[in-house]
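Since every read-out is calculated from the coordinates, none of them should be taken as a lab result. Quick caveat, the model's predicted, so the values are computed rather than measured. Cβ placement follows ideal geometry from the backbone for every residue including glycine, while neighbour counts extend to all protein chains displayed.
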Amino acid sequence: MMKSILTLGTALAMTAGAAFAESHAMTVRIGTEGAYAPFNFINDAGEIDGFEKELGDELCVRAELTCEWVKNDWDSIIPNLVSGNYDIIMAGMSITPERDEVIDFTQNYTPPSDSAFAAASEDVDLEGGVIAAQTATIQAAHIAEGGATLLEFATPEETVAAVRNGEADAVFADKDYLVPLVEENAELMFVGDDVPLGGGVGVGLRESDTELKEKLDTAIASMKEDGTLNTMITKWFGEDAKTYE
Amino acid sequence: MFSYCTDPETLTGLRWLSCYLTTGVHFSFYWAFGKVLLLLALAAPSALLMGFLGAMAARSLIAPLRWIGKGYISVVRGVPDVAFFLFFVIALDQFFEWGRHKIKCPEWTDPIRQGNDFLVCPAAKLPLGTAPEWQHETYGFLLAVLTFAIVFGAFAANVIFGAMRAVPRAQMETAEAYGMTRRQSFWRVMVPQMWVYALPGLSNTWMVLIKATPLLFLLGIEDIVYWARELGGTKTARFSDYPHGDWRMWYFLALLVFYLGFTRFSEVVLRRLNARLSRGQATAAGEAQRKANA
């Protein structure tokens, strides 16, 4: 009796395993923040939308993967990736050496872009004032190195709100994120010079997922080649956005 | 939702508001209230059960069981909730997956820990990587219920442990004098009487539990605080048909009303429960009831 139970168990496990191996190569879970328009945001219908949603879906078609989108807090986005809750990150994450030590990146899908300061008045002190930035971003790291006082927030929204209510003198963030906000708000304006930071935005994945990385790299390269990636960048970030040559 | 909502830009006043409040994303917000209530409905009884078991273990005559009970109470109560939620849930999830990995993939030779990565065979993943999103969400939700039960169970265990000791010694001695066994006197004399002593402490724990529900977002579950922050944030006309400024204050005000209303409701229910449990008890409240009726 015991033996037959064991055999049955093994048989079940094996069928499940086989069925799984077949379909697993296909399904990839994509983690994103959903609070960083135009990269990724939640639209009126409550779905994930934005540049990365459109790009990610296209990459999945090209790499022949079935993709599922998952929302995750920015703070815990890397820990949840390495512990396997989803397989890749597409959340406007710039490629930096520090992050590269923990996770792996594909080639970038936006060119290295500028970060910018937005403030409520022209004459703010960017060298010694209080600058708001999102926690664990390249912008926060950049401010921390300089002379200004860094004020960190968990979400991008709060960094902008801090400037509006006077808590911070200026906000330092990806220019692509700030452009729509500055355009629509009379009280906000760009100040100082733009700062080129990071190696562009790429797909983050576990260091052990080399096969998936290759597939995505090929897909991104093909989109760069046929110009579809540039079209998408212009569509979401406007005519002035940097594109690939 | 309404027929006139097709072109929100032309709308004003209440019509605009009615369209705005019935967008798909707002329904996610309303649904999140249900999630919070469901969490409380599941977590509270499970925490009470954990607390009861913990208290029973802590006063057990068997030493190892007693150590487990006391250890559980002091360790879990001592660890900050946030740390517990960040560390414990990931560890619990990995523990389950590690167990399944050992059973399902004995032939797997690669190490499970590679640098920062935690890698189990695909068949051991919980839920499976191919599972639809609702299964992932349900699994995450149940993990959250379990974590809440363990954390708040420790507080409840301490309360119940104290309540059991508060039952007058004379009652237990009388039970023994009647020849009841230890088990009989525990279930027939101590347990029915201890609730009235446990209730004030348990009601505190319940109130804290209500307010701790925003910790859900740490576990990747979109609760009402997450949606209030998301919906209240500035919306630009490029990415939304309903652009507005920073409205987080209004959304958080709505949450304030919800939480205050809910805790108020709880207070009323708990007061009634207290009156019911005091009936016929050898406490000041029970005595007062007896005199009022006489």
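When the convex hull of the Cα atoms of the protein assembly as shown is projected onto a plane and the area is averaged over all directions, what value comes out in nm²?
Values: hull surface 139.5 nm².
Computed as one quarter of the Cα hull surface, the answer is 34.9 nm².
What number, rounded to the nearest 500 deg cm²/dmol, is the helix-based mean residue ellipticity at 222 nm of chain A, given -39500 (n - 2.57) per DSSP H run of at least four residues and division by all its residues?
Theoretical 222 nm ellipticity from helices: -12500 deg cm²/dmol.
Per-residue Cβ counts within 10 Å, from other chains only, averaged over A:81-91: what number is that? Write out the running numbers ahead of the final one.
On the way: counts 2, 7, 9, 11, 7, 3, 1, 0, 0, 0, 0.
That average works out to 4.
Net charge around residue A:103, counting only other residues with Cβ within less than 10 Å of its Cβ (Lys, Arg = +1; Asp, Glu = -1)?
Details: positive: A:99, A:206; negative: A:100, A:101, A:104, A:207, A:209, B:117.
Around residue A:103, the surrounding residues sum to -4.
I want to check the label-to-label distance for residue A:244 and residue B:14. Put each point 7 Å from Cα in the C-beta direction and report it in nm to one decimal.
It works out to 5.4 nm between the two label points.
State which entries of A:175/A:224; B:104/B:211; B:70/B:291; A:213/B:125 exceed 32 angstrom in Cα-Cα distance in the structure shown.
On the way: A:175/A:224 22 Å; B:104/B:211 40 Å; B:70/B:291 40 Å; A:213/B:125 20 Å.
Too far apart for the 32 Å limit: B:104/B:211; B:70/B:291.
Within the stretch A:54-150, which trypsin sites (Lys or Arg not before Pro) sit in a loop by DSSP and count at most 16 neighbouring Cβ atoms inside 10 Å? The partial results should precede the final answer.
On the way: sites: A:62, A:71, A:99; in loops: none.
Sparse-neighbourhood loop trypsin sites (Lys or Arg not before Pro): none present.
Which of rounded, prolate, oblate describes chain B, given a ≥ b ≥ c as roots of the alpha-carbon gyration tensor eigenvalues and a/c under 1.5 marking rounded, otherwise prolate only if a/b is larger than b/c?
Values: a/c = 3.27, a/b = 1.38, b/c = 2.37.
It comes out oblate by the Cα gyration axes.
Quick one: if you take sqrt(5λ) for each eigenvalue of the C-alpha gyration tensor of the stretch A:114-196, what semi-axes come out, biggest first, whole angstrom?
Three semi-axes, in Å: 16, 13, 13.
Distance from the Cα centre of the stretch B:6-71 to that of the stretch A:27-74, in angstrom?
Comparing the Cα centres of the stretch B:6-71 and the stretch A:27-74, I get a distance of 27 Å.
Taking beta carbons within 10 Å but only from partner chains, what does the mean come to for residues B:228-234?
On the way: counts 0, 5, 8, 2, 2, 10, 10.
Mean number of neighbouring Cβ atoms from other chains: 5.
Please work out the Cα center distance from the stretch B:151-173 to the stretch B:220-234, rounded to the nearest Å.
39
Kindly point out which whole DSSP H helices in chain B project their C-alpha atoms 18 angstrom or further along the helix axis while averaging a Kyte-Doolittle hydropathy of 0.5 or above. All intermediate terms of the calculation are to be shown ahead of the outcome.
Working: long enough: B:24-58 (49 Å, 1.55); B:63-78 (22 Å, 0.27); B:89-104 (22 Å, -0.18); B:133-166 (48 Å, 1.03); B:191-212 (29 Å, 0.76); B:248-278 (44 Å, 0.65).
TM-like helix candidates: B:24-58, B:133-166, B:191-212, B:248-278.
Hand me the GluC sites (Glu not before Pro) from the stretch A:73-176 located in a DSSP loop with no more than 15 other Cβ atoms within 10 Å, in residue order please. Show your work: numbers first, answer last.
Working: sites: A:98, A:101, A:122, A:127, A:145, A:152, A:157, A:158, A:167; in loops: A:122, A:127, A:167.
For GluC sites (Glu not before Pro) across the stretch A:73-176 that sit outside H, G, I, E and B with at most 15 neighbouring Cβ atoms in 10 Å, the list reads A:122, A:127, A:167.
Taking the alpha-carbon centroid of each part, what is the distance from the stretch B:201-218 to the stretch A:90-135 in angstrom?
Rounded to whole Å, the Cα centres lie 36 Å apart.
Which trypsin sites (Lys or Arg not before Pro) in the stretch B:241-284 sit in a loop by DSSP (not H, G, I, E or B) and have at most 13 other Cβ atoms within 10 Å of their own Cβ? Working shown, then result.
Working: sites: B:248, B:264, B:271, B:272, B:276, B:279; in loops: B:279.
The qualifying sites are B:279.
Students often forget the sequence filter, so: which aspartates and glutamates lie under 14 Å Cα-Cα from residue A:242 once same-chain residues fewer than 8 apart are removed?
Those aspartates and glutamates meeting the cut-off are A:114, A:174, A:176, A:194.
Students often check this: by mean Cβ neighbours within 10 Å, which of A:178-186, B:175-183 ranks highest, and how do the rest follow?
On the way: A:178-186: 16.2, B:175-183: 11.6.
Taking the mean over residues of other Cβ atoms within 10 Å, the ranking is A:178-186, B:175-183.
Below 8 Å, C-alpha to C-alpha, sequence gap of six or more: please give me the relative contact order for the stretch A:114-196 in percent.
The value is 48 percent.
Using only alpha carbon pairs under 8 Å that are at least six residues apart, calculate the relative contact order of the stretch A:14-166 and give it in whole percent. Kindly include the intermediate steps, with their values, before the conclusion.
On the way: 182 pairs, mean separation 31.7, N = 153.
Relative contact order here is 21 percent.
Whole-Hz Karplus ³J(HN,Hα) for the stretch A:79-88, in order, using 6.51 cos²θ - 1.76 cosθ + 1.60 and θ = phi - 60°, x for Gly and Pro?
Result, rounded to whole Hz: x, 6, 6, 5, 8, x, 6, 8, 9, 9.
Taking every residue in A:41-51, how many Cβ atoms of other protein chains lie within 10 Å of its Cβ, on average? Provide the component values of the computation, followed by the final result.
Values: counts 6, 11, 7, 12, 5, 12, 3, 0, 2, 1, 0.
The mean count of partner-chain Cβ atoms within 10 Å per residue comes to 5.
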